[in-house]
Structure formats: C-alpha cells, structure tokens
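What follows is calculated from the coordinates using simple rules that are stated; it is not laboratory data. As the structure is a prediction and not an experimental result, all values here were calculated from the model. Ideal geometry is used to build each Cβ from the backbone, glycine not excepted, and the neighbour counts take in all protein chains shown.
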Amino acid sequence: MSAQQIALFIAAGVAIWVYTDAKKNNYSTSASIGWMLGVFMLMIIFLPIYLVMKAKRAKRPVMSTSCEFCRKQYFGNPNYCPHCGHLVRKI
Ligand SMILES: [Zn+2]
C-alpha cells in the first residue's frame with residue numbers, strides 16, 4: 001500500500017465517522033453527506049469546523065419535538081412547524 005492509499009483510507013474512515021456522528025447529532029441526511037464529502041476532500045479545513053460545531057451544539061442541547069400535525073421532528077422551539085407550517089408553539 002502506498003502512502004497515498006493509506007491517506008485515502010484514513011480520509012474515508014474519518015469521513016464515514018463524521019457522517020454517522022452527524023446523523024447522531026440530528027443533522028439531516030443531506031447535511032451529513034455534505035460534512036462527509038467536505039471532510040473527505042478537505043479534512044484539514046472541514047474536520048476542525050465540524051468538531052467546533054459539534055462542541056457548540058453539545059453545549060446547548062437541541063430539543064427535538066415531533067409535530068402534532070405531520071409527525072415530523074423539528075428542533076428548538078419554533079412558532080410554526082418547519083415541515084407543515086402549523087402553529088406548534090405551546091403557550
Ligand atoms: Zn408539522
């Protein structure tokens with residue numbers, strides 16, 4: 001195995017870890033794939049950004065609630081469901 005292949009291997013491994021970790025942290029599938037590709041292609045740039053964002057998100061836990069109307073999950077405490085637009089804010 002050449003050094004280049006090993007580097008590619010490591011990049012792929014880290015990219016897959018970022019993908020599964022992003023999914024666990026409530027990123028959407030497309031966002032997780034974006035992180036994965038970013039880390040795979042430009043690990044030097046995207047991995048530190050990802051880890052900083054991860055630390056920030058960990059500090060303020062995002063509450064996930066499922067919408068009473070469309071049953072999809074949304075995060076935080078919005079006035080309206082981001083999926084179906086129903087008023088969801090509890091008063
Ligand atoms: Zn909804």
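Using alpha-carbon pairs under 8 Å, 6+ residues apart, how would you state the relative contact order of segment 3-60 in percent? Don't jump to the answer; show the numbers that get you there.
On the way: 33 pairs, mean separation 18.0, N = 58.
RCO, segment 3-60: 31 percent.
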Exercise. Please state the charge dipole magnitude for the chain, taken about the Cα centre, from unit charges on C-beta atoms (+1 on K and R, -1 on D and E), reported in debye and rounded to the nearest 20.
Key: 420 debye
Quiz prompt | Karplus 3J(HN,Hα) series, Hz, for segment 65-76 with 6.51 cos²θ - 1.76 cosθ + 1.60 (x for Gly, Pro) | solution = 10, 9, 5, 5, 9, 10, 6, 7, 7, 9, 10, x
Exercise. Under 25 Å between C-alpha atoms is the cut-off here; go through the chain and count lysine pairs that meet it, provided they're at least eight residues apart or on different chains.
Key: 13
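Per residue and in Å³, how big is the convex hull formed by the alpha-carbon atoms of the chain? Before the final figure, lay out each step's value.
Numbers: hull volume 8.9 nm³, N = 91.
Residue-normalised Cα hull volume stands at 98 Å³.
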